Amino acid sequence: MKTKEYQVKNILVLHGPNLNVLGRREPEVYGSTTLEEINENLMNLAKEAGISLATFQSNAESELINRIQRAMEDDTDFIIINPAAYTHTSVALRDALAATRLPFIEVHLSNIFARESFRKESYFSDLALGVISGLGAKGYELALKYALAPR
Ligand code: DQA
């Protein structure tokens, strides 16, 4: 049976702790692209596609949770999230995302499966629509392209 086509219109991109210093932070692991450049690229792609995109970064778990809860009240219909270190620790962020019931893609710049063993565990992957890990800044772009593709 063909499912009804559904077009995403309002995307929220969330960045967890320490991603504000991308570009300067262990560039051999995370690359030299800054967060501003990543966000700008996503904004441009969203604009071209005629959809709205909001970005939010915080080093604080509570602020990320508050922003996710706000997505239940505004018109957000898709989330792209790099939970950064909270990937491996935060039941609270996982629960916040689950509460929204919104589809989301989990993105990591580095390949978390090829690093320390504590990074192999994610509190998000089983809830995510999909996971992109190890493709650097390009991973966000691919996630956005998937979100924009009609399904
Ligand atoms: C990360 C991987 C995490 O293990 C790490 O704590 C980060 C960034 C990534 O994008 O590769 O801060 O999510």
From the set of residues in segment 5-39 that are away from the ligand (no atom under 15 Å from the Cβ) and touching a Ser or Thr at 6+ places or on another chain (Cβ under 6 Å), which is nearest to Ala149 (Cα to Cα)?
-> Asn10
Given (1) within 15 Å of the chain's Cα centre (by Cα); (2) in a helix (DSSP H, G or I), index of the condition Ser110 fails = (2)
Verdict on Ala92 being over 21 Å from Leu45 (Cα atoms), more than 15 Å from the ligand (Cβ to nearest atom), open to solvent by less than 30 Å² (accessible area, probe 1.4 Å) and not β-branched (Val, Ile, Thr) | no
Filter result (within 12 Å of Ala128 (Cα to Cα) and either surrounded by fewer than 16 Cβ atoms within 10 Å (Cβ to Cβ) or more than 11 Å from the ligand (Cβ to nearest atom) (or both)) within segment 75-89 | Phe78, Ile79, Ile80
Working only within segment 96-112, note down all residues that are away from the ligand (no atom under 16 Å from the Cβ) and either in contact with a strand residue (DSSP E or B) (Cβ under 6 Å, 6 or more places away or on another chain) or at negative phi (or both).
-> Ala96, Ala98, Ala99, Thr100, Leu102, Pro103
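I'd like to know if segment 39-62 contains one or more residues that are hydroxyl-bearing (Ser, Thr, Tyr), free of Cβ contacts under 8 Å to residues at least 12 places away in the same chain and within 17 Å of Ala137 (Cα to Cα).
Restricting attention to segment 39-62, the residues satisfying the condition of being hydroxyl-bearing (Ser, Thr, Tyr) are 52, 55, 58, 62.
From what is left, the residues that are free of Cβ contacts under 8 Å to residues at least 12 places away in the same chain are 62.
When the remaining residues are screened for being within 17 Å of Ala137 (Cα to Cα), the result is none.
Looking for residues that are hydroxyl-bearing (Ser, Thr, Tyr), free of Cβ contacts under 8 Å to residues at least 12 places away in the same chain and within 17 Å of Ala137 (Cα to Cα), one finds none in segment 39-62, hence no.
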Just a yes or no: is a residue in segment 5-23 free of Cβ contacts under 8 Å to residues at least 12 places away in the same chain, polar (S, T, N, Q) and surrounded by 12 or more Cβ atoms within 10 Å (Cβ to Cβ)?
-> no
Would you say Leu127 is at pLDDT 95 or above and either open to solvent by 40 Å² or more (accessible area, probe 1.4 Å) or in a strand (DSSP E or B) (or both)?
-> yes
Identify, please: which residue in segment 56-74 is out of contact with any His (no Cβ under 6 Å at 6 or more places or on another chain) and within 15 Å of the ligand (Cβ to nearest atom) and is, among those, nearest to Ala92 (Cα to Cα)?
-> Glu61
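The values are calculated or read from the model by the stated rules, or taken from the named source; none is laboratory data. This one's a predicted model, so the numbers in the text were calculated from it and none came from an experiment. Here the Cβ is made from the backbone with ideal geometry for all residues, glycine too, and neighbour counts use every protein chain on show. Just so you know, the surface numbers come from the protein's heavy atoms only, side chains and all, with ligands and any DNA or RNA stripped out. Shrake-Rupley method; radii C 1.70, N 1.55, O 1.52, S 1.80 Å.
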